[in-house]
Amino acid sequence: MYLYLYLNIFTILFPLLLSFDKKVAFYKNWPALFPAILVNAVVFMVWDSWFTSIGVWGFNEEYLTGVYLFNLPLEEVLFFITVPYACVFIYDVLNAYIAKDLLRPYAKGFALALLLVLPVLAVFNIERLYTSITFFALALLHLLHLRLFGTRFLGRFYLMYVVHLVPFLLVNGVLTYLPIVWYNNNYNLGLRLVSIPVEDTMYSMLMLLLTISVYEGLRYKKTAKQYKTLAV
């Protein structure tokens, strides 16, 4: 049963089909989206490959096609394409249909809270690699994002993150309940949202913030270049 492959198809099918909606016109942002997904995929495939090799997590072959790339199942590689695509689509849809940046007034406070709490949790769980590396990396990425963009995109990012938790819980719930993906609790806190390690919520935020940071950075660069050309 190729269930992990079917979950990937389910994840991207509707966002891909709706990419040509006139109001959102998501396809017009593909030149910024695909490089952002590529950066994300390279970073997380290296990380994923390492964690798989040392037994932080692994995969149940019963639900896989049996095709592997860089010691990772094909489905896991596709995960780093389908999930960012679907979530950036959610991000752009929310931006198109909700004019007001609802969470921007709270974005800096929430980011600072993460910057304070995550490193402390990481330090006190330094031997739990999934916990410590994920929490440290998310804190560092927030710091970098704030330095580059301030809170310009964070409010809208957090709104997308909250909305994405619905499909996240559904898809990750299937992945971890069967399980298609198993976790070694020696490397995490051992706390679960039903069957999902709590670290997965921060891992997902890290993956999506990296994608959005590159995506918005490329779009800003394009806009600045166009403005400069018009000014000349």
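The values are calculated or read from the model by the stated rules, or taken from the named source; none is laboratory data. What you see is a predicted model; the values in this text were computed from it and never measured. Methodologically, a virtual Cβ is constructed for each residue, glycine included, from the backbone with ideal geometry; neighbour enumeration extends over all protein chains shown.
For the range 72-107, a tally of residues being within 13 Å of the chain's Cα centre (by Cα) and under 10 Å from Met160 (Cβ atoms) returns 5. For the range 128-150, the criterion of being of a type outside the set (A, V, I, L, M), in contact with a Lys or Arg (Cβ under 7 Å, 6 or more places away or on another chain) and farther than 17 Å from Glu199 by Cα is met by none of the residues. Selection of the range 22-47 for residues being more than 26 Å from Tyr187 (Cα to Cα) and either basic (Lys, Arg) or free of Cβ contacts under 8 Å to residues at least 24 places away in the same chain (or both) yields Lys22, Lys23, Ala25, Tyr27, Lys28, Trp30, Phe34, Leu38. The listed residues are Thr151, Thr134, and the only one of them that is polar (S, T, N, Q), assigned to a helix (DSSP H, G or I) and either in contact (Cβ under 8 Å) with a residue 12 or more places away in the chain or farther than 15 Å from Tyr187 by Cβ (or both) turns out to be Thr134.
Exactly one residue among Ala99, Ala122 is at pLDDT 95 or above and of a type in the set (Gly, Ala, Ser), and that residue is Ala122. Go over the candidates Ala99, Ala111 one by one and state the one that is in contact (Cβ under 8 Å) with a residue 40 or more places away in the chain and aliphatic (A, V, I, L, M). Just one listed residue meets the conditions, Ala111.
Selection of the range 10-24 for residues being of a type outside the set (Phe, Trp, Tyr) and under 11 Å from Ala86 (Cβ atoms) yields Thr11, Ile12, Leu13, Pro15, Leu16, Leu18, Ser19. Residues that are within 13 Å of Val93 (Cα to Cα) and loosely packed, with under 12 Cβ neighbours inside 10 Å within the range 15-26 comprise Phe20, Lys22, Lys23, listed in sequence order. Here is the figure for the range 48-60: residues that are surrounded by 14 or more Cβ atoms within 10 Å (Cβ to Cβ) and either free of Cβ contacts under 8 Å to residues at least 24 places away in the same chain or under 30 Å from Tyr97 (Cα atoms) (or both) total 2. Each residue in the range 93-141 was checked for being touching a Leu at 6+ places or on another chain (Cβ under 8 Å), under 30 Å from Phe26 (Cβ atoms) and among the hydroxyl-bearing types (Ser, Thr, Tyr), and 1 pass.
Confirm whether Phe153 is more than 25 Å from Ile54 (Cβ to Cβ), in contact with an Asp or Glu (Cβ under 8 Å, 6 or more places away or on another chain) and among the aromatic types (Phe, Trp, Tyr). The answer is yes for Phe153.
Kindly indicate whether any position in the range 204-217 is surrounded by 13 or more Cβ atoms within 10 Å (Cβ to Cβ), in contact with a Pro (Cβ under 6 Å, 6 or more places away or on another chain) and either among the hydroxyl-bearing types (Ser, Thr, Tyr) or assigned to a helix (DSSP H, G or I) (or both). Yes, that holds for at least one residue.
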